[in-house]
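Dropping the structure in here first, questions after.
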Amino acid sequence: MTIKTTIAGSLPKPIWLAEPEKLWGEWKLKDTELFIGQCEAALNWIKFQENTGVDIISDGEQFRKHFVHGFLELIHGIDWNKMTTMGIRNDRYDAEVPTVVNELKRLNSVHSKSTEYCLKNTSKDFKITLPGPMTICDTIANGFYSSRKEMAYEFAKILNAEALELEKLGVHTIQFDEPAFNAFTKEASEWGVELLEVAASGLKCKTAVHICYGYGIKQNIDWKKTLGNEWKQYEDFFPTLNNSSIDQVSLECANSRVPLEVLKMLNSKEILVGVIDVASLKIETPEEVFKILNEVSKYVDYKNIIACTNCGMAPMPYNIAEKKIKSLVAGANLFAKSYN
Ligand code: ZN
């Protein structure tokens, strides 16, 4: 038996490409040089993941600065000069966000060029991540549509067009990132999952959704302190998610207060089990990774388990991320062996 491995999404950028150890570090290159640099950085991570034995690899999001705005930069109808201060994730923190001022349109593909480059340079299964409709709408102000849901529906259609184009190029998995789900659990159940399915409609490749309690930034850490010892928010929308057409759910299990038994509610899904804590610089041992996978296997069918990181690793030191990925693979191998 083997167990598949992947990563949730972002990886650190090399020091010559962007400001290091920042969530949204500024680029150090411009125009054509920037794209060439991004390609080189992505290629380095592709080769690293291949050599380490990661099964479903990614570009480490080397082509974007911000996981939502990187997608929105090429969408028409958004005014980047009209910044609005908005409470994010149900007022967990305020942020300056761009404003939708006109009908949203995607004239060109956002990620095709970079994805083509990556696919040319690997024979492994390749995963691309896109922001989910609900999370996009929690990161941008609405100055045009009659409701947030209506704006989210427009984004879902735009995401779908992008996803279908990326699928045609040959990507193995398309993952939508929806960290906003756990801040709006009721809305996630009422329309978030439905719009996720609009974004994924017609796709024959694997589809995934990443949900999470956010990066280790202060606002998130303070918020997490208010959630009690057991984080059961997922119970509100897991039944809806389990009935959806999305194939995989990615969530944090390392150093997380999510009680693992909630995973029983996702019995029709493959689970990308977060075994690597991205908010800590301590390198997990393969045995620690094994322990989490073994615990999860009490609630999730073995064949539905894929070992993954808790979340994106963008703000970490480069060499720490490398070591953590090595532990992820080694721990997954230990777990697979225990089933032989
Ligand atoms: Zn995350």
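Every number in this text was worked out from the coordinates using simple rules, so none of it is lab data. For clarity, every value in this text was computed on a predicted model and none was experimentally measured. Here the Cβ positions follow ideal geometry from the backbone for every residue, glycine too, while neighbour counts run over all protein chains shown.
First measure r as the distance between the Cβ atoms of L227 and S123, then evaluate 1/(1 + (r/R0)^6) with R0 = 45 Å and state the FRET efficiency to the nearest 0.05. Before the final figure, lay out the partial values.
Working: r = 43 Å, r/R0 = 0.95.
Step by step, r from the Cβ atoms, then E = 0.60.
Under 16 Å Cα to Cα from K186, which lysines show up? Leave out anything in the same chain fewer than 8 places away.
K149, K232
Per-residue ellipticity at 222 nm for the chain, helices alone: DSSP H runs ≥ 4 residues times -39500 (n - 2.57), over residue total, nearest 500 deg cm²/dmol? Please list the in-between numbers first.
Details: 10 runs with 114 residues, N = 340.
Only helices count here, giving -10500 deg cm²/dmol.
Additional query: Taking the dipole about the Cα centre of the chain, with the C-beta of Lys and Arg at +1 and of Asp and Glu at -1, give me whichever of I246, V198, P315 is farthest to the positive side.
P315
Lys/Arg Cβ at +1, Asp/Glu Cβ at -1, dipole of the chain taken about the Cα centre: which of F48, S280, N121 is farthest positive-ward?
F48
Can you tell me how much longer the chain between L34 and D91 gets when fully stretched, taken as 0.36 nm per residue apart minus their C-alpha distance, in nm with one decimal?
Details: separation 57, 0.36 × 57 = 20.52 nm, distance 3.47 nm.
Full extension from L34 to D91 adds 17.1 nm.
Run the dipole for region 31-338 about the Cα centre, Lys and Arg Cβ at +1, Asp and Glu Cβ at -1, nothing else charged, and hand back the magnitude in debye, nearest 20. Write down the numbers at each step before the final one.
Working: 34 positive and 42 negative charges, 102 e Å.
It comes to approximately 500 debye.
Still on this structure: Just flag the trypsin sites (Lys or Arg not before Pro) in region 126-208 sitting in loop per DSSP whose Cβ has no more than 11 other Cβ atoms within 10 Å. Could you put the intermediate results ahead of the total?
Working: sites: K127, R148, K149, K157, K168, K186, K204, K206; in loops: K204.
Loop-located and lightly packed - K204.
If you place +1 on the Cβ of every Lys and Arg and -1 on the Cβ of every Asp and Glu, how big does the dipole about the Cα centre of region 91-158 come out, in debye to the nearest 20? Please list the in-between numbers first.
On the way: 10 positive and 9 negative charges, 82 e Å.
Dipole about the Cα centre, nearest 20: 400 debye.
What's the extension gain from L23 to L281 if we count 0.36 nm per residue and subtract their Cα-Cα distance?
On the way: separation 258, 0.36 × 258 = 92.88 nm, distance 1.49 nm.
Going from the current span to full extension adds 91.4 nm.
Can you bin the chain into rounded, prolate or oblate? Criterion: square roots of the alpha carbon gyration tensor eigenvalues sorted a ≥ b ≥ c, rounded for a/c under 1.5, prolate for a/b above b/c, oblate for the rest. Don't skip to the end; give the middle numbers.
Values: a/c = 1.45, a/b = 1.18, b/c = 1.23.
In terms of gyration-tensor shape, rounded.
Report the gain in length on full extension from E150 to K105: 0.36 nm times residue separation, minus Cα-Cα distance, nm rounded to one decimal.
Working: separation 45, 0.36 × 45 = 16.20 nm, distance 1.42 nm.
Value of the extension gain: 14.8 nm.
Which of the lysines could be linked to K47 by a straight reach, that is with a Cα gap under 17 Å, when you skip same-chain ones fewer than 8 residues away?
Straight-line reach from K47, under 17 Å: K13, K120, K124, K127, K323, K324, K326.
Next up: Using 1/(1 + (r/R0)^6) with R0 = 30 angstrom and r between the beta carbons of R257 and I15, what's the FRET efficiency to the nearest 0.05? Don't skip to the end; give the middle numbers.
Numbers: r = 34 Å, r/R0 = 1.14.
Using R0 = 30 Å, I get an efficiency of 0.30.
Please identify every one of the chymotrypsin sites (Phe, Trp or Tyr not before Pro) in region 1-107 that sits in a loop by DSSP and has no more than 11 other beta carbons within 10 Å of its own beta carbon. Can you show the working numbers first?
On the way: sites: W16, W24, W27, F35, W45, F48, F63, F67, F71, W80, Y93; in loops: W16, W24, F63, F67.
Hits after loop and neighbour filter: W16.
Considering only C-alpha atoms, what is the centroid distance from region 83-105 to region 243-316, in Å?
Using only Cα atoms to place each centre, the spacing works out to 30 Å.
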